[in-house]
1. Would you mind stating whether Asn159 is over 16 Å from the mean Cα position of the chain (by Cα) and in a helix (DSSP H, G or I)?
2. Looking for whichever is within 24 Å of Asp67 (Cα to Cα), at pLDDT 95 or above, surrounded by fewer than 17 Cβ atoms within 10 Å (Cβ to Cβ) and not aromatic (Phe, Trp, Tyr) here; the options are Gly197, Gly230. Which one fits?
3. Pick from Ser147, Ser136: which is in contact with a Lys or Arg (Cβ under 9 Å, 6 or more places away or on another chain), closer than 28 Å to Ala174 by Cβ and among the small types (Gly, Ala, Ser)?
4. Please return the ranges of helices (runs of 4 or more DSSP H) entirely within the range 163-228 where 2 or more residues are of a type in the set (Ser, Thr, Tyr) and over 27 Å from Asn135 (Cα atoms).
5. Looking at the range 166-182, is at least one residue within 30 Å of Pro116 (Cβ to Cβ), surrounded by 16 or more Cβ atoms within 10 Å (Cβ to Cβ) and not acidic (Asp, Glu)?
6. Against the condition outside any helix (DSSP H, G or I), within 19 Å of the chain's Cα centre (by Cα) and either assigned by TED's automatic domain parsing to the domain that holds Thr177 or not charged (D, E, K, R) (or both), how does Ser87 come out, does it pass?
7. Out of all the residues in the range 210-238, which are of a type in the set (A, V, I, L, M) and either in contact (Cβ under 8 Å) with a residue 24 or more places away in the chain or not assigned by TED's automatic domain parsing to the domain that holds Lys119 (or both)?
8. Could you please find all residues in the range 68-84 being under 21 Å from the mean Cα position of the chain (by Cα) and not basic (Lys, Arg)?
Amino acid sequence: MNHRQGFKIHHFASLLKHPLKEVRTCVGQVLKEAGVTCMGWICDKLWEFFNFFRKKPCMSISKEAIDHLFNDARTANGFVDKAVPLSLLKQIYEIAKMGATSMNSQPARYVFLTTPEAKARLMPAMSPGNVDKTNSAPVSVIVATDSQFFEHMPTVFPNNPNAKAMFEGNAALAAATASRNGTLSGAYFMIAARALGLDCGPMSGLDAAKVNAEFFPDGRYTTNFVINLGYGDSTKLFARNPRLSFEQVVQVL
């Protein structure tokens, strides 16, 4: 073994003690797959692996980012007169679509209402307390659920060739999967919007049947909730309401 390989082995010894399970697993896999007695080759491969993890450390986002997304973020109750470009809406979706859903099912569908004419179609379905804030929002997003989401399973989840048939043959499973993961996707959408500098006003105070009749008359999509998007008017904010404590909502078993 030459000096260069000896230097690598010294670092591999500490790498093998790394607390990350995947590091130990992958190192073992490299050794197993090597299948040769050539120490130089093994050293080179392990060194590549070590450098990969050295360049990609485990990271958390900054406190400022966490505050922006959660601690300081507020539900917008009104908006200033500032347009939201379509390019930004596209960016939000491109980020939000990467959020995890069951079997990568992605059942959420979005309708962006960006004109007064489009908004007027929504207004008859809104609860009285949500009308003014929706009128002031540059964009209102109908977060809907695609009841036939499984048509895309061969594309989005090729891991299981039988996924489409599984949902087609089990209406209850398909409905539960669509509802749960569609709601989850709407939450991803709001976090992505906040990350890109927008304020969100999610609302379930609406007549979903009226929204469905107006926007989804064929019955394939169903309304979940609506999000108002834009740049919030801080003068319209309510006081911050309390959140339940860790002890009130968590069991540690």
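1. no
2. After applying the criteria, what remains is Gly197.
3. None of the other options fit; the residue is Ser147.
4. Counting at least 2 such residues, we get 171-195.
5. Within the range 166-182, one or more residues are within 30 Å of Pro116 (Cβ to Cβ), surrounded by 16 or more Cβ atoms within 10 Å (Cβ to Cβ) and not acidic (Asp, Glu).
6. For Ser87, the condition - outside any helix (DSSP H, G or I), within 19 Å of the chain's Cα centre (by Cα) and either assigned by TED's automatic domain parsing to the domain that holds Thr177 or not charged (D, E, K, R) (or both) - is not met.
7. Val211, Val226, Ile227, Leu229, Leu237
8. Within the range 68-84, His68, Leu69, Phe70, Asn71, Asp72, Ala73, Thr75, Ala76, Val84 qualify.
The values are calculated or read from the model by the stated rules, or taken from the named source; none is laboratory data. Since we're looking at a predicted model, the values are computed, not measured. Methodologically, a virtual Cβ is constructed for each residue, glycine included, from the backbone with ideal geometry; neighbour enumeration extends over all protein chains shown.
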